[in-house]
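First the structure, in the form of C-alpha cells, and then the observations on it.
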C-alpha cells in the first residue's frame, strides 16, 4: 500500500474526532513548548549573568591574593599594578582597588552612614567600562599627590544633592573634606556589589587618610584589574603577568601568592549555581512530554477499541495486518508531530512573551527546537506502536461482530 | 408467482454453468474452536463445489455452523482441516496477510448490518476496497470514476456525498453492494443481506442481486428467510456442522 494512501486514511481517522485529536495533541504541545520555554528561561538567566559580569569591563583580568594562602594578602601592592602598566604591552589600562572601612559621609545637612569608599587609580573608568556621567574622574597626577577629590556613585549623588549639581561641592568623608569632581554613570548591582551606592577616591588618598587598621596598612591593594586590548591575547598576557608578578614577589609561578582570573571564570562559577535549576526545569519539561506521550497511547487504545468494527471491515475489504498497524501508527505519529510543530511555535511565542511581559530575560536555545520536536516524533512512534499492534492483531470475524 | 418463473429459468442456466470448473471446491472441511477440554466442532466435514455464475443460498438454524462456514468461505477465518480452493488457489493454508489480499482481489462482501464507515460519504465508502488493492490497477481519478459508476448502477448517483446516517437502510445496502462490486470480485458473499431491511427494501436489494446473477456473477448468500432463499437457484442446508441438503430450490425444513 502506498504511503500517501495510508497517510490519507490516517488523516481521515483523525478528522473523525477533531476535538479529541486536538486534546490528545495538547499533551505534546505543552510538553514541547515547556521544553523550549524552560530552556529559554534558563539560558536567558545565564546570559543575563554573563552580561552583568561582562559589564564590569570587557577582556578583564582580575588579580587578587591567592585565596587561603597565609600572608598572601600582604604582598599584593600598588607597585605591582604600576609595574604591570609599565612592562606589559597590549593592555588598555591597569586599575588597582583598595576598600577602606566604610565611612559616614555628610553634605547639605544630610548624613549617610556606612558608605563604602573605594580607592582606585585613574584608569578605573576605562578598565571597568564604567564611565563618568557628570564632571570627570581624577588624573594619575591627582592620585599621586593625594588630591582631596571624590567621584560619587549616582545613587549617592542623588541622596546628597537631589536635583542640585554636585560638581564642585564639598562633602565630608569620615573626618576629611573632599571636593566632588564627578558622578559615575548608573551601573546597578552586579554580583552583590552596589556600584551606584559607593564613592570613588584616589587610592593614594585612601592609603593616607582612610586606612587605619594595621592589617591593611602600607600600599596593599585588594585587587588589580587589567584590561587587555584584544581578547585573543588573554592567555599570553596572563602568562606574562604571572611571570612578572612571580619575579616581583620572589615566588615560583606555579606556587604564586596571587591568582589571576578572567570574567569567564566568574561566569562559570555563577552558572554552576544555575545548573541545578536548569536541569530541574529540563526534567519537568521532559516529564510533561512523557505524560503527553502516555496520553497519546491512552487515546489510541480507546480509539482502537471504539473503531474495532471499522478495523474488521477494513480487514474484510483487504487491509492486511500491516496496513492496519501502519494506519494507527501513522495516526499517532501525525498527532505527535502536529503537537510537536504547534508546540515549537507556541514555545517560541511563549518564550518571547515571557521575555516581554514576564520581566524575565529569555533566550531561545536553537538546539532545543530540533531536540523537542524529535522527542515528540519518537514519543509518537513509541507510544503509538502498542495500540497499533493491538489493532493489527484483531481477527476480522471478531472485529466485525464487535458492538 | 413471477419469482417462481424466474427460478425456473435460472435452474436451466445451471446446467450450462456446471460444465465449467467449480469456482469453489471444498473437501472435508472441519473447524474446531477451543482446545482440549472444551472443543466445539463447528464444521464436521463439509465437501461442496460451487460453480461460476451460480446463485447459492446457505440456510440453517442458528448454531448449525452456517456462520462459521460463511466466514471460512469469505476467507475471514481458516479451517482446522480440509482443503478450500477458491478460483485456482488453495486458500486453506494462506497466512493472514495473503488472505487479506485474496479477500480484496476475489471477494465482495455484503453484510447484514451494511458495515459502511459512518464518517465517510457513500462515494468514499465505495472507494475503500480500491485503496487496499495491492495490484494498483487504477489511478486515484479512475478509482473515483469507478465508484461513481458503481453508485449509478445501484441508482444512488444523487446520494454520493451523503453520509450513511443520511441514507435509508435499503440505500445503505445498495452502497454496500456497489462497494462489493467495485474491485471486480470473482464471487460475492452476502451474509443475511436483507436481515435489517423492511419488505420493500429487501425486495429492491434482492432484485439487484438477481440482476447481478443474471449478468453472470457468482453469489453465495446466507439467509434464514425462506422467501429470500427462493431467489437463489440452489439452497444448501447446514445442520450440526454438516451439509444436509445440497440441491433444489425449496428451503430447508
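The values are calculated or read from the model by the stated rules, or taken from the named source; none is laboratory data. Predicted model only: the values in this text are computed from it and were never measured. A quick note on method: Cβ atoms are made from the backbone with ideal geometry, for glycine too, and the neighbour counts reach across all protein chains shown.
The table for this structure:
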| quantity | calculated |
| --- | --- |
| Yes/no for residue B:43 being away from chain A (no Cβ under 12 Å) and closer than 23 Å to residue A:400 by Cβ | yes |
| Residue match in segment A:313-324 (condition: touching a strand residue (DSSP E or B) at 6+ places or on another chain (Cβ under 8 Å) and not in a loop (DSSP other than H, G, I, E, B)) | yes |
| Selection count, segment A:132-160, where residues are in contact with a strand residue (DSSP E or B) (Cβ under 7 Å, 6 or more places away or on another chain) and at negative phi | 20 |
| Residue B:186 without any contact (Cβ under 8 Å) to a residue 40 or more places away in the chain, under 24 Å from residue B:67 (Cβ atoms) and touching a strand residue (DSSP E or B) at 6+ places or on another chain (Cβ under 8 Å) | no |
| Residues within segment A:216-232 that are surrounded by fewer than 16 Cβ atoms within 10 Å (Cβ to Cβ) and part of a helix (DSSP H, G or I), tallied | 2 |
| Condition check for residue A:308: within 14 Å of chain B (Cβ to nearest Cβ) and either closer than 30 Å to residue B:113 by Cα or free of Cβ contacts under 8 Å to residues at least 60 places away in the same chain (or both) | yes |
| Total residues in segment A:55-88, condition surrounded by fewer than 17 Cβ atoms within 10 Å (Cβ to Cβ) and part of a helix (DSSP H, G or I) | 5 |
| Enumeration of residues in segment A:255-279 that are in a helix (DSSP H, G or I) and under 16 Å from residue A:62 (Cβ atoms) | A:263, A:264, A:265, A:266, A:267, A:268, A:269, A:270 |
| Options B:65, B:87, B:60: the member that is touching a residue at least 60 places away in the same chain (Cβ under 8 Å), under 15 Å from residue B:186 (Cα atoms) and more than 14 Å from the chain's Cα centre (by Cα) | B:87 |
| Residues of segment A:146-187 classified as more than 17 Å from residue A:111 (Cβ to Cβ) and in contact (Cβ under 8 Å) with a residue 40 or more places away in the chain, total | 13 |
| Output for segment B:87-113, where each listed residue is in contact with a helix residue (DSSP H, G or I) (Cβ under 8 Å, 6 or more places away or on another chain) and more than 10 Å from every other protein chain (Cβ to nearest Cβ) | B:87, B:89, B:91, B:94, B:110 |
| Check on residue A:111, crowded, with 18+ Cβ neighbours inside 10 Å and either modelled with pLDDT of 80 or more or in contact with a helix residue (DSSP H, G or I) (Cβ under 7 Å, 6 or more places away or on another chain) (or both) | no |
| Residue among A:301, A:325, A:335, A:289 that is touching a residue at least 24 places away in the same chain (Cβ under 8 Å), over 25 Å from residue A:3 (Cβ atoms) and in contact with a helix residue (DSSP H, G or I) (Cβ under 6 Å, 6 or more places away or on another chain) | A:289 |
| Scan of segment B:122-147 for residues that are under 13 Å from residue B:177 (Cα atoms) and away from every other protein chain (no Cβ under 14 Å), ordered by number | B:122 |
| Qualifying residue in segment A:71-83 (condition: outside the structural domain of residue A:234 (by TED's automatic domain parsing) and at positive phi) | yes |
| Hits in segment A:379-398 (condition: within 14 Å of another protein chain (Cβ to nearest Cβ) and surrounded by 18 or more Cβ atoms within 10 Å (Cβ to Cβ)) | A:391, A:392, A:394, A:396, A:397 |
| Any hit, segment A:292-303, residues being within 14 Å of chain B (Cβ to nearest Cβ) and in a helix (DSSP H, G or I) | yes |
| Single residue of segment B:153-169 satisfying the filter (under 21 Å from the mean Cα position of the chain (by Cα) and surrounded by fewer than 19 Cβ atoms within 10 Å (Cβ to Cβ)) that is nearest to residue A:313 (Cα to Cα) | B:169 |
